[in-house]
1. Quick one: how many residues across the range 320-341 are in contact (Cβ under 8 Å) with a residue 12 or more places away in the chain, part of a helix (DSSP H, G or I) and under 26 Å from L574 (Cα atoms)?
2. Could you check how many residues of the range 2-28 are open to solvent by less than 40 Å² (accessible area, probe 1.4 Å) and either more than 31 Å from the chain's Cα centre (by Cα) or more than 20 Å from S106 (Cβ to Cβ) (or both)?
3. Can you tell me which residue is surrounded by the most Cβ atoms within 10 Å (Cβ to Cβ) among those in the range 29-58 that are over 27 Å from the mean Cα position of the chain (by Cα) and assigned to a loop (DSSP other than H, G, I, E, B)?
4. Among the residues of the range 421-460, write down those that are at pLDDT 85 or above and part of a loop (DSSP other than H, G, I, E, B).
5. Against the definition (among the hydroxyl-bearing types (S, T, Y), more than 19 Å from I77 (Cα to Cα) and in contact (Cβ under 8 Å) with a residue 24 or more places away in the chain), how does Y156 come out, yes or no?
6. Can you name the number of the only condition in (1) basic (K, R); (2) more than 22 Å from K519 (Cβ to Cβ); (3) at pLDDT 95 or above that R178 fails?
7. Are any of the residues in the range 561-581 open to solvent by less than 10 Å² (accessible area, probe 1.4 Å), in contact with a strand residue (DSSP E or B) (Cβ under 9 Å, 6 or more places away or on another chain), in contact (Cβ under 8 Å) with a residue 40 or more places away in the chain and closer than 21 Å to M503 by Cα?
8. Are any residues in the range 185-201 without any contact (Cβ under 8 Å) to a residue 40 or more places away in the chain and polar (S, T, N, Q), and if so, which ones?
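The values are calculated or read from the model by the stated rules, or taken from the named source; none is laboratory data. Keep in mind that this is a model prediction, so the values were computed, not measured. We place every Cβ from the backbone using ideal geometry, glycine too, and count neighbours over all the protein chains shown. The area values use the complete protein model at the heavy-atom level, side chains included, leaving out ligands, DNA and RNA. Shrake-Rupley method; radii C 1.70, N 1.55, O 1.52, S 1.80 Å.
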Amino acid sequence: MCGLTGFVFRPGALGPEAAEALARAMADTLSHRGPDSGGAWADADAGIALGHRRLAIVDLSPAGHQPMASPSGRYVIAYNGEIYDHADLRARLESEGAAPQWRGTSDTETLVAAFDAWGLEGAIARATGMFALAAWDRKTRALTLTRDRLGEKPLYYGWLGSGPGAAFAFGSELRALRAHPAFDQPLKREELTHFARHGYVRMGHSIHTGVHQLLPGEMLTLAHGANEPELRMYWDGARIAAEAHASDVTEPEAVARLETLLDTAVRRQMIADVPLGAFLSGGIDSSLTVALMQRRSARPVHTFSIGFHEKRYDEANHARALADHLGTDHTELYVGDRELLDVVPKLPDIFDEPFGDASQIPTLLVSRLARESVTVALSGDGGDELFAGYDRYQKGTRLWRRMSIAPPGVRALVGHGLQGVPTAVLDRALAPIRKTPQGKEPNGQWAHRMADYLAAADLDTLHLRLLAETRRAEALAPEGRTTAYALAGDPPPRGALGPTERMMQLDMLTYMPGDILTKVDRAAMAVSLETRAPLLDHKVAEFAWTLPMSMKLGPLGQKHILRRLLYTLVPQRLVDRPKMGFEVPIGLWLRGPLRDWAAALLDPARLHTADTFRPEAVTRMWQEHLAGRYNHGLGLWHVLMLEAWRDRWT
C-alpha cells in the first residue's frame, strides 16, 4: 500500500531538478500512506514528474522502490495497491518467453513487465487486485491513470492553474494536489447538498472545483499535447450488474463455487512479507473472512475489534465468542471519552476531503489498534452490497411496491404536506398508536422520514433517500445540487434489474466506494495499515451478480448464500442474529463528551462567516437535538465534519 502523485507540465517550464523536487514534495504529503521510503522521477523535456511513497508489504528490499521503469524502459510507473495474482502473472510471462531477468519479487516489477508484454490495458485486464496507478509511456508521451474495479484505492486528478505554470496534477489524496504551487481550486459549493444529506462527495467529483476523482474501473489517458483526457471503463460494474443473467446453478453448486472463489481470494490476500491480521466484528462478512483465514493458517490469526459501552451499539462480545471458537489471537478496545476526545480533532486532517460517516471513528480506532501488531489487515467489506445485506433492500422494495400504486403527484403532495407538520404535533398525534422504541427516533422524526420517502418520484430517488442521514438537506445548503443516483453523467443502465437489484447496483457504484471504502482507506492509511477485502475480488463480484435473488435474500435471511457457507465453518448460533452494522452512538456523544467541541463549530456567528450552511437551519437542528426533541446526530455530524475540514484546509 502506498501513495502516488505527479503532474504533467509544459516541456521546459521546469528544469529536471525542480520538477523532481516538486514531485517529491507532493509525495511527502502522503508519507502516512508510505512511511518506508519515497522516490521521485521527472523528464523535464517531456513534461512529466512522478512521486511515490512506499509501504513495503511484498519484497521489502530496494528492488520494490518506485517510481519504477519497465524492463524495456518504455513505461515508468507510480503505483498504490497490491496485485494479488502477480505470482501467476509472472509464471504466465515466463511461459510466454516474455519475462525479464527478475531483480526482486515485488508485484510492481511484475506489473511493469506485463506492460511491456501485453500493453497497459492488456496487463490491467489480466490483473486481480486493488490499485490506483499512474503510468507514463515514454514512446508516445502519454499519461495513463487507472483505478481498481470496485474502487478500493482512490485517485484524484485535474488541471491546476493556467498559462505557462498550468499542470495536470494527480494524487492518491487531495493534499498532494494542494502541494502544487498552481493549486487554487475553490470549494465546489454544488456538492454541499449531497454532502449534507449523505456525508460524502458524489462519485466522480471532489470538494474542489476542477478536481475529479477517477471512478472504479475507469482508465484515463492524457495524450501528448491534449487539453482534455480521454476516459473509458475497462471494467464496467454498472453493465456487469445490468446485463447479468441469473444462472440455473443449484444452491449446493453455488455454495461450492463461492467457497472456491473466496478461498482463492483469501489465500492470495494472505501473502505478505510483514505481519498480517484481520478485523472481526462478529458479523457475517468478517466472520467468514476470518474463518477462511484461520483454516489456512498454521498459527492463530491476529483479530481486532472495537466495543462500545452503550450496549445497543456493542458487538464486541459476539466477536470475542467467535474468536474463542476459531482460536484466533484476539484484541479488543472499548471506546470511551478519552479515545473520542483524542481522535475527533484529528479527523479533518486524516480525511482531507469532507467525510461524514460517523463510523470513521471506530474504523480509525480499530486500524490503530491493529497497527500495533500487524501491517496488513483483511476485512469483510463488500458483502452487504454484493449479497443483499442491508435492511433497506427489503424495506425499500416493499415500500416502493406500495408507493407506486399511487400517482407521483399525489405522493408528493401528501409527503410534502406531512413534512410541513411540526414534529412535536406528530409526536402527540402518533403516541396512542406507535410506541417509540428505546433509543430510536421519536414519532415525529419517524413520520417526517416516511414523508420524505413518500415524496420520491422514482425508485432511484427513493433509494437515495433511504441512504440519507439528513432530511431536507436543501434547507441547509440551498446552492447545492442533487441527482437521483449520486453519480456524474447519465443514470447507470438498469437493464432487467428488479427494485432490490437496482438498489444493490447503485450502492456498488456509489455508496460503497464513496463512503465505505473511502472510510476504510483513509482510516487505515492514516496509521500506515494496509487493508484487503477478499469479498471485493472482482471474480467474486461477477459471480455474485449471476446468482438469483433467492440465494441472497433466502430462507436464512439477508446474505443467504454467505450464511450457508459460513455455517459450514462455524456454529450457526455464534453468528445468527439481527444485523447491527458499524453504528456509533453519535447522537449521545454530541450531547455528552463532544458537546463543547461541537458547540464551538456550530456557533452562529462562526457559521455566518463560513458561509457554507445556513446558520439558522443549523442552529435549529442543534437546539432540537440538545433538547431531545429530534435525534439530529448523524445530520449534525455532516455539518461538523464539513466545518472542521474547512478550518483545516481552506
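1. Pass one, the range 320-341, residues in contact (Cβ under 8 Å) with a residue 12 or more places away in the chain: 320-323, 325-337, 339-341.
If we keep only those that are part of a helix (DSSP H, G or I) as well, we get 320-323, 325-326, 337, 339-341.
From what's left, under 26 Å from L574 (Cα atoms): 320-323, 325-326.
Selection size over the range 320-341: 6.
2. Residues of the range 2-28 that are open to solvent by less than 40 Å² (accessible area, probe 1.4 Å), as a first pass: 2-9, 15, 19, 22-23, 26-27.
With the extra rule that they be either more than 31 Å from the chain's Cα centre (by Cα) or more than 20 Å from S106 (Cβ to Cβ) (or both), the set shrinks to 7-9, 15, 19, 22-23, 26.
The qualifying residues number 8.
3. Among residues in the range 29-58 that are over 27 Å from the mean Cα position of the chain (by Cα) and assigned to a loop (DSSP other than H, G, I, E, B), the one surrounded by the most Cβ atoms within 10 Å (Cβ to Cβ) is G47.
4. V421, P422, A455, A456, A457, D458
5. Working: among the hydroxyl-bearing types (S, T, Y): yes; more than 19 Å from I77 (Cα to Cα): no; in contact (Cβ under 8 Å) with a residue 24 or more places away in the chain: yes.
In short, no.
6. Of (1) basic (K, R); (2) more than 22 Å from K519 (Cβ to Cβ); (3) at pLDDT 95 or above, only one is false for R178: (2).
7. Our first condition is that a residue be open to solvent by less than 10 Å² (accessible area, probe 1.4 Å); within the range 561-581, this holds for 561-562, 565-566, 570, 575.
When the remaining residues are screened for being in contact with a strand residue (DSSP E or B) (Cβ under 9 Å, 6 or more places away or on another chain), the result is 561.
Those left that are additionally in contact (Cβ under 8 Å) with a residue 40 or more places away in the chain: 561.
Subsequent filtering for residues that are closer than 21 Å to M503 by Cα retains 561.
There is at least one residue in the range 561-581 that is open to solvent by less than 10 Å² (accessible area, probe 1.4 Å), in contact with a strand residue (DSSP E or B) (Cβ under 9 Å, 6 or more places away or on another chain), in contact (Cβ under 8 Å) with a residue 40 or more places away in the chain and closer than 21 Å to M503 by Cα.
8. Here is the first cut: in the range 185-201, the residues without any contact (Cβ under 8 Å) to a residue 40 or more places away in the chain are 185-186, 188.
Residue satisfying the conditions is Q185 alone.
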